[in-house]
Amino acid sequence: MAQTLSGERSSTPRRRAAPVSRQQTKEQTRQALLAAALKLLSQHSFDSISLREVTREAGVSPTAFYRHFEDMEELGLVLVEESLGTLRVVIRELRAEASEQSLELAKTVRAIAEYVLAHQLHLRFIARERWGGRRRLRREIRREIQLFTDELAVDLAGYDALARWSMDDRRVLAGLLTELVVRMSIELLDTRADEREEIIQQTLRQMRLAIVGVPNWKPREPRGRAPAGRAVG
């Protein structure tokens, strides 16, 4: 019988907490290591933090680290995938929900801004390592951004004004839009809350300015014309 706070015994049996499985414990340790690395990276570059510093911050032994990651570089690659791979999923879902008549720039840009502000440690890590980090991390960041660009380029084929564009031409436009988003994301990390709306609006104006030139672009004729679809705007 369970004992109450007053010391009296209760006839209600005490419920036991569900046991934590080995897999759950393993995942908790892995997440603790990633969170510890992000915390350290908020003040230091990736190359300046050590495995021992990460494990000390996470409260685990260095031996436990190797049950989850081969080395620090692999941990860094996982952080890149967490940061940008998850964002690509968010944008993919937004595009799937988009209106059949228009490219919803405002909705997409605001969703990206919300993601950036909710994952500031991840995005600060990306901003710092994109140009000055380890070569393998730089390449992985570039690959993730290129995947984002390529997916957007494929999606742009569904819009009337871009239906006759070649994939290369659509990649150029997608790359321009992507770089504007990346720039906005970095700026949002270092601005006050009252400045964020202006940055978002400026990004939207820049994107719309880029799209204004779409009807005047003379694309090379692709081998097969894509079916007419949505309008850009």
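The values are calculated or read from the model by the stated rules, or taken from the named source; none is laboratory data. Values in this document were obtained by computation on a predicted structure and should not be read as measured data. Positions of Cβ are generated from backbone atoms using ideal geometry, with glycine treated the same way; all protein chains shown enter the neighbour counts.
Among the residues of the range 178-218, what is the count of those that are of a type in the set (A, V, I, L, M, F, W, C) and farther than 30 Å from residue 164 by Cα?
Number of matching residues: 6.
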(message) Taking the condition of being surrounded by 18 or more Cβ atoms within 10 Å (Cβ to Cβ) and at pLDDT 90 or above, how many residues in the range 84-114 meet it?
(response) 4
(request) Could you check how many residues of the range 125-157 are β-branched (Val, Ile, Thr) and over 20 Å from residue 49 (Cβ atoms)? (result) 3
(request) Please specify each residue of the range 184-198 satisfying the condition of being closer than 19 Å to residue 107 by Cβ and either surrounded by fewer than 18 Cβ atoms within 10 Å (Cβ to Cβ) or without any contact (Cβ under 8 Å) to a residue 24 or more places away in the chain (or both). (result) 196, 197, 198
(request) Starting from residues that are of a type in the set (A, V, I, L, M) and in a helix (DSSP H, G or I), keep the ones in the range 35-56 and report whichever is farthest from the chain's Cα centre (by Cα). (result) 51
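Out of curiosity, is residue 136 of a type in the set (Lys, Arg) and in contact (Cβ under 8 Å) with a residue 24 or more places away in the chain?
For residue 136, the condition - of a type in the set (Lys, Arg) and in contact (Cβ under 8 Å) with a residue 24 or more places away in the chain - is met.
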(message) So residue 49 ticks every box in (1) of a type outside the set (Phe, Trp, Tyr); (2) surrounded by fewer than 16 Cβ atoms within 10 Å (Cβ to Cβ); (3) not assigned by TED's automatic domain parsing to the domain that holds residue 142 but one. Which box is left unticked?
(response) (2)
(message) Can you tell me which residue is farthest from residue 124 (Cα to Cα) among those in the range 46-95 that are touching a residue at least 60 places away in the same chain (Cβ under 8 Å) and of a type in the set (D, E, K, R)?
(response) 95
(message) When you check residue 202 against the structure, is it at pLDDT below 95 and surrounded by 14 or more Cβ atoms within 10 Å (Cβ to Cβ), yes or no?
(response) no
